Amino acid sequence: MTEIIKKPTVKAPSLGLLMLESRAVFGLTGFVLAYPLLKTTPKGDGHPVLVLPGLMASDFSTGPLRYFLKDRNLSPHRWRLGTNMGNTHDVEKVKNRVLELHERYGQKVSIVGWSLGGVYARAIAHDIPEHIRMVITLASPYKGLMEPSHAKWFYQLVKGKDADEIDPHLLEKLKQSPPVPFTSIYSKLDGVVSWRHCIEDEHNEQTENVEVYASHFGMGLNPSVMACLADRLAQKEGEWHRFVPPKWSPFIYPSH
């Protein structure tokens, strides 16, 4: 008799982790205190970086992150679509934003996407890889967008419909490794989405997972996240390599 192996069920983060998300309010203090060390991270070459916010967040939420990237000699840009309401047709609008920046700078565009913003970034990378330099996601559940999470019920509350109505072709696309250099930054302390849905399972020469100690809502202010972003975005085009954490930060763990 053939043994049927069931895929283990991935549950939503515990209520305790969800409650601990409140610690994100102290993120700005940690960001400011760590800034002298963050000033030692690598500088980029000025290429454009599009930063995408998460569900029910706007460009305001990514302000400190973009400030830091600008300080690292990069050219960060807002998404300019207001509050991210989880509309899947926004993927096309973001794609047009990438094409606009590519034409303006004459360079490929890197995309940093936080939570749902990272889901959009990963989808876009499959559609226009020739215009994208790299994609970095922050706590983005691209492998289990419709699986149990605290983000899913919130999406249903915001949209007034079942999140399972999202295009199945888009969901299948998200599960495939993007054809551009890709870094997924995730945390096992995430109280909103399961970290297991945020990691790349396929192992190849241009994908990696990097674990940090951070809350879901605190990703955009976390010093370890900032250090990883600076290092990744400072790489020369065509010379991508996997991340090696700085010696001063014991809270970053590359896992390939």
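Which pairs do you get when a residue that is closer than 13 Å to Pro254 by Cβ, found in the stretch 225-241, comes within reach of a residue that is among the small types (Gly, Ala, Ser), reach meaning Cβ atoms under 9 angstrom, with the pair 6+ apart or on two chains?
Pairs found: Ala227/Ala34; Ala227/Ser249; Cys228/Ser249; Arg232/Ser110.
How many residues are in contact with a Phe, Trp or Tyr (Cβ under 8 Å, 6 or more places away or on another chain) and either surrounded by fewer than 22 Cβ atoms within 10 Å (Cβ to Cβ) or in a loop (DSSP other than H, G, I, E, B) (or both) if we restrict to the stretch 49-69?
Selection size over the stretch 49-69: 8.
Using beta carbons and a limit of 8 Å, which pairs, at least six apart or on different chains, have the first residue in the stretch 168-186 and more than 24 Å from Gln235 (Cα to Cα) and the second one among the hydroxyl-bearing types (Ser, Thr, Tyr)?
Cβ pairs passing all conditions: Leu170/Thr88; Leu174/Tyr142; Lys175/Tyr142.
Restricting attention to the stretch 196-215, which residues are farther than 19 Å from Ala227 by Cβ and in a loop (DSSP other than H, G, I, E, B)?
Scanning the stretch 196-215 gives Ile199, Glu200, Asp201, Glu202, His203, Asn204, Glu205, Gln206.
State whether one or more residues within the stretch 161-176 are aliphatic (A, V, I, L, M) and at pLDDT 90 or above.
No, the conditions are met nowhere in the stretch 161-176.
Taking the stretch 102-128 only, how many residues are touching a strand residue (DSSP E or B) at 6+ places or on another chain (Cβ under 7 Å), part of a helix (DSSP H, G or I), in contact (Cβ under 8 Å) with a residue 60 or more places away in the chain and not aromatic (Phe, Trp, Tyr)?
4
For the stretch 204-256, give me each residue that is modelled with pLDDT of 85 or more and of a type in the set (Phe, Trp, Tyr).
Passing the criteria: Tyr213, Phe217, Trp240, Phe243.
When you check Asp90 against the structure, is it over 24 Å from Met219 (Cβ atoms) and modelled with pLDDT under 95, yes or no?
no
Would you check which residues across the stretch 63-99 are on the phi > 0 side of the Ramachandran plot and touching a Leu at 6+ places or on another chain (Cβ under 7 Å) and list them?
From the stretch 63-99, those on the phi > 0 side of the Ramachandran plot are 73, 80, 82, 86; that's our starting set.
Residue satisfying the conditions is Gly86 alone.
Out of the stretch 71-96, which residues are of a type in the set (Gly, Ala, Ser), in a loop (DSSP other than H, G, I, E, B) and either in contact with a strand residue (DSSP E or B) (Cβ under 8 Å, 6 or more places away or on another chain) or within 24 Å of His169 (Cα to Cα) (or both)? Outline the logic, then answer.
Taking the stretch 71-96 first, the residues of a type in the set (Gly, Ala, Ser) are 75, 82, 86.
Add one more test, that the residue is in a loop (DSSP other than H, G, I, E, B), and what stays is 82, 86.
Hit for the stretch 71-96 is Gly86, nothing else.
Determine which member of the set Val193, Val244 is surrounded by 18 or more Cβ atoms within 10 Å (Cβ to Cβ) and either assigned to a strand (DSSP E or B) or on the phi < 0 side of the Ramachandran plot (or both).
Every option except Val193 fails the conditions.
If I go through the stretch 169-197 residue by residue, how many of them are closer than 14 Å to Ala123 by Cα and not polar (S, T, N, Q)?
Matching residues across the stretch 169-197 total 12.
The values are calculated or read from the model by the stated rules, or taken from the named source; none is laboratory data. Here the structure is a predicted model, which means the values were calculated and not measured. Cβ atoms come from the backbone with ideal geometry, glycine included; neighbour counts cover every protein chain shown.
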